[in-house]
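Input: a single structure, listed below in structure tokens.
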Amino acid sequence: MIVLLDRGFASNAFLETVAGTGAALLARLPASRKPPVLRRLPDGSFLSRLGTLQVRIIECEITIATTAGRHTGACRLATTLLDPRRHPAFDLVKLYHERWEVESAYFAIKKTMLGRRVLRARTMPGIAQEIYALLTAYQVIRIAIAGATAAVPGADPDRASFSVALQTARDQVIQAAAVIAGTVIDLVGAVGRAVLAQPMPSRRLRVSPRAVKRPLSRYAYKSLRVDRRTYKATISIDILTIPLSP
């Protein structure tokens, strides 16, 4: 397992706790942090240390080009995957882009699973129980999706529909299907077959300008000229061998 972390979670103590679970991590560091260069590696990354944690630092520039123009920004990543041959810097930078998928997870739980309803519990223990139940159900469905796509060479997990998987899982519960396991284990299962039979279109690379949310009337955004359009984009990544400025 690899955990992707935003720069708001990059404290030494927290990173050490995550690494202590046995999971690998890939975390973005804030611009104010400049870890020491202990040894340069062939792919441009370097070994360093954050507190007591040995890490590998990857510094890069990412350029996003759209019809609205080009924007280049610097990024500093820290990972516990120390072998540059098994885990090249370029591949890890591309992998970090997947961190935004957590927003899709929030949407799947709040919109697809809950239907925008609020939690029903009225006590703190009840709220905790309901949240853990939602997270458990979500994780089980994602495991079924991942298992199904892994069973088919070339299948893209991003094309697997969470809505289809959730509805199929609900149907299985309502029908009490396969409640008694047979001697043959179905590795794909009903959920997996439904997901593979109804793939979503391939994803397009798109970006949406980040905007600071303020408690304003929705009509006020017109006067502020906030750009809410989504653009098709191309992204280029340059691994830096010269340390970024603090």
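The values are calculated or read from the model by the stated rules, or taken from the named source; none is laboratory data. Everything numeric in this text was worked out from a predicted model, so none of it was measured. Here the Cβ is made from the backbone with ideal geometry for all residues, glycine too, and neighbour counts use every protein chain on show.
Among the residues making up region 63-122, those that are part of a strand (DSSP E or B) and of a type in the set (Lys, Arg) are 70, 76.
Look at (1) in a loop (DSSP other than H, G, I, E, B); (2) more than 17 Å from residue 237 (Cα to Cα) and you find that residue 44 fails only one, number (2). Can you name the residue in region 193-246 that is of a type in the set (Gly, Ala, Ser) and at pLDDT 75 or above and is also farthest from residue 158 (Cα to Cα) among such residues? Restricting to residues being of a type in the set (Gly, Ala, Ser) and at pLDDT 75 or above, the top hit is 236. Taken over region 22-37, the criterion of being farther than 14 Å from residue 75 by Cα and at pLDDT 95 or above is satisfied by 24, 25. Scanning region 1-37 for residues that are within 21 Å of residue 94 (Cα to Cα) and either of a type in the set (Ser, Thr, Tyr) or part of a strand (DSSP E or B) (or both) turns up 2, 3, 4, 5, 24, 25, 26, 27, 28. Scanning region 134-172 for residues that are charged (D, E, K, R) and either at pLDDT 90 or above or assigned to a helix (DSSP H, G or I) (or both) yields 142, 158, 159, 170, 171.
The set of residues in region 53-84 being touching a residue at least 40 places away in the same chain (Cβ under 8 Å) and over 19 Å from residue 242 (Cα atoms) consists of 53, 64, 65, 66, 67, 68, 80, 81.
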